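**Student:** Okay, handing you the structure first.
What follows draws every value from the coordinates through simple rules; no lab data is involved. Keep in mind that this is a model prediction, so the values were computed, not measured. Neighbour counts run over all protein chains shown; Cβ positions are idealised from the backbone, glycine included.
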Amino acid sequence: MKPLIGCVDIMKKKINVLILLIGVASSVFGQRAISIPAPQGASFIESPLIEAVSFFPLEQEKINMILPEMELRYSNKHYFILDNKYTQCVYRYNENGELINTICEVKDEKDKILATLNNPASFSIDPFREQVEIYNFQKSTVQRLSFDGTFIDEIPFPIHPSDFTRDKQGNYWIYSGWNHRDTQYRLLIADKNGKVIDRKMRLNTRCVTTSGFAFSYYKEDILLWESLGNLAYSIRDNTPKERYLFSFGTFNLPLDFHITDPQISYQRMNNNGYYSIKKYLENDRFAYFFLNFTNTPLLQKEMIHIIHDKQADKIHILNENSGIGAFDKAHALTESDELVFLISPRKIRQLLSGGVEYVPDSFYGLDEDLRDVRLTCVLKIKLRSEKEPSGE
């Protein structure tokens, strides 16, 4: 994209600074490159990495208590699901789909009269202290509760987070997103009481405000991704280090994206087409990414699963039928090499009965198994490295 007339020299200087800020670590940390020149790839369910598929319905106290579009977090063989539509409570399930307990924000008497929908929440799981942490946007506070739902305490938060999590030392990592009105930094570190102690990843931008989920765990490391970025990081020793670098070819964001008027940058992005990273997961043998591709003039939307088989050092770029959207993103990648999805049985049946040309053995009969299931399910896809002999 050409810069706006009259701003060429200034924008060239700023673009050079942006390249330095965004790409300075590429020669230092040696990240793994992933190139996606255009939406393409084999069907997700036909991946040679898929060894087996299993599912179980989630126990529900009432119909539609759990929906496939809800956010799931996984910790210590438990599934935590936030209902941010009705109750703002977190439901904890065991590995068999049995509801163990419900974890809700503790409200003051004056807050009990507030309408539920005017009191949204986001949440995080602290695996090191076995706590559920619920952020209240209206009060800008985080309530910490134990896995059994016992209230521990409540602390103020310095900004409205796009996402947040805690490290083993107990400090908070807060992702602000791009163009946050309260900070020029995308990454803030706060102590256990919510006081900011450090700021990282500065980016002075005018682009459209951007936010989204940004954190997951890999052992004691925190994994970080940005929805409109092209880098994925691992945070260790208070330092974000680049692990994966994405190249989207002609669909890379224009270099002047961050310094152009928000409305213009948003229009350019949609007219040209763009990728958005929605999830990054990793374990010892695999790394997983879920991306969306959008091209507004062509009414084109793509759903892309990317799996890095670390043993074979091979990247698999896999498309999903976006018209059905049976899988969407994986929510977790377990130590047993299982990708965890929240799925609608109806959409899986629709996909397998006509949404793909070929149904692999691992998915064969799944539509029949799900025929009488109406509740939202956890579906697990077991991965196998291509370096492993078949049958092992």
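**Student:** Multiply the residue separation of SER322 and LEU299 by 0.36 nm, subtract the distance between their alpha-carbon atoms, and state the gained length in nm to one decimal. Intermediate values should be presented prior to the final figure.
**Tutor:** Numbers: separation 23, 0.36 × 23 = 8.28 nm, distance 1.19 nm.
My answer for the length gained is 7.1 nm.
**Student:** Counting Lys and Arg as +1 and Asp and Glu as -1, each charge on the Cβ, what is the dipole of region 288-392 about the Cα centre in debye, to the nearest 20? Please report the intermediate quantities before stating the final value.
**Tutor:** On the way: 13 positive and 17 negative charges, 86 e Å.
Computed charge dipole of region 288-392: roughly 420 debye.
**Student:** I need the peptides 195-201, 277-283, 294-300 ranked by packing, meaning the mean over residues of other C-beta atoms within 10 angstrom, with the highest value on top. Could the numbers behind the result be given before it?
**Tutor:** Numbers: 195-201: 14.3, 277-283: 22.1, 294-300: 12.0.
Ranked by mean Cβ neighbours within 10 Å, highest first: 277-283, 195-201, 294-300.
**Student:** Still on this structure, please answer the following. Project the alpha carbons of region 334-376 onto their principal axes and report the range along each, largest first, in whole Å.
**Tutor:** Principal-axis extents of the Cα atoms in region 334-376, largest first: 32, 25, 15 Å.
**Student:** Have a look at TYR218, ASN252, VAL142 and report the one farthest towards the positive end of the charge dipole of the chain, computed about the Cα centre with Cβ charges (Lys/Arg +1, Asp/Glu -1).
**Tutor:** It is ASN252, whose Cα lies furthest towards the positive end.
**Student:** I've got another one for you. For the pair MET70/SER336, report the inter-label distance in nm, with labels modelled 7 Å from Cα in the Cβ direction.
**Tutor:** The two pseudo-label positions are separated by 2.2 nm.
**Student:** Given R₀ = 51 Å, FRET efficiency for ARG374-ASN270 by Cβ-Cβ distance, to 0.05? Mind showing how you got there, number by number?
**Tutor:** Numbers: r = 37 Å, r/R0 = 0.72.
According to the calculation, E is roughly 0.90.
**Student:** A further question on this structure: Can I get the semi-axes of the chain's equivalent ellipsoid? Compute them from the C-alpha gyration tensor as square roots of 5 times the eigenvalues, in angstrom, largest first. Before the final figure, lay out each step's value.
**Tutor:** Numbers: eigenvalues 204, 171, 83 Å².
So the equivalent ellipsoid measures 32, 29, 20 Å along its semi-axes.
**Student:** Okay, moving on. List the relative contact order of the chain as a percent without decimals, with contacts defined as Cα pairs under 8 Å and 6+ residues apart. Mind dumping the intermediate values first?
**Tutor:** Values: 826 pairs, mean separation 68.7, N = 392.
After rounding, I find 18 percent.
**Student:** Per residue of the chain, what 222 nm ellipticity follows from adding -39500 (n - 2.57) for every DSSP H run with n ≥ 4, rounded to the nearest 500?
**Tutor:** Working: 5 runs with 41 residues, N = 392.
Helix contribution divided over all residues of the chain: -3000 deg cm²/dmol.
**Student:** How big is the Kirkwood radius of region 146-224, worked out from every pair of different alpha carbons and given in Å to one decimal? Don't jump to the answer; show the numbers that get you there.
**Tutor:** On the way: mean 1/r = 0.0742 Å⁻¹.
Result for region 146-224, one decimal place: 13.5 Å.
**Student:** Quick check: residue separation of ASP108 and PHE137 times 0.36 nm, minus the Cα distance between them. What number comes out in nm? Intermediate values should be presented prior to the final figure.
**Tutor:** Numbers: separation 29, 0.36 × 29 = 10.44 nm, distance 1.53 nm.
Extending this stretch completely gives an extra 8.9 nm.
**Student:** In the chain, with Lys and Arg counted as +1 and Asp and Glu as -1 at Cβ, which of these residues, LEU375, LEU299, PHE289, has the Cα nearest the positive end of the dipole, that is, farthest along it?
**Tutor:** It is LEU299, whose Cα lies furthest towards the positive end.
**Student:** Oh, and also: When each pair of different Cα atoms in region 190-284 is counted once in the 1/r mean, what is the Kirkwood radius in angstroms, to one decimal?
**Tutor:** On the way: mean 1/r = 0.0663 Å⁻¹.
When all Cα pairs of region 190-284 are included, the Kirkwood radius is 15.1 Å.
**Student:** Same structure again: If r is the Cβ-Cβ distance from LYS195 to ASN101 and R0 is 45 Å, what FRET efficiency results, to the nearest 0.05?
**Tutor:** On the way: r = 31 Å, r/R0 = 0.69.
With R0 = 45 Å, the Cβ-Cβ based efficiency is 0.90.
**Student:** Inverting the mean 1/r over all pairs of different Cα atoms, compute the Kirkwood radius of region 213-333 and quote it in Å.
**Tutor:** Working: mean 1/r = 0.0646 Å⁻¹.
Final number for the Kirkwood radius of region 213-333 is 15.5 Å.
**Student:** For ARG166, list long-range residues whose amide hydrogen, built 1.01 Å from N in the peptide plane, is under 5 Å from its own amide hydrogen.
**Tutor:** It is TRP173, by chain and number.
**Student:** Could you sort 154-167, 344-357 so that the peptide with the highest average Cβ count within 10 Å comes first and the rest follow in order?
**Tutor:** Values: 154-167: 19.4, 344-357: 17.8.
Per-residue Cβ counts within 10 Å, averaged per peptide and sorted highest first, yield 154-167, 344-357.
**Student:** Taking 20 Å as the cut-off for C-alpha to C-alpha distance, list the pairs among LYS195/LYS278; LYS301/LYS347; LYS62/LYS85; LYS168/LYS192 that go past it. Working shown, then result.
**Tutor:** Details: LYS195/LYS278 28 Å; LYS301/LYS347 18 Å; LYS62/LYS85 14 Å; LYS168/LYS192 11 Å.
Over 20 Å Cα-Cα: LYS195/LYS278.
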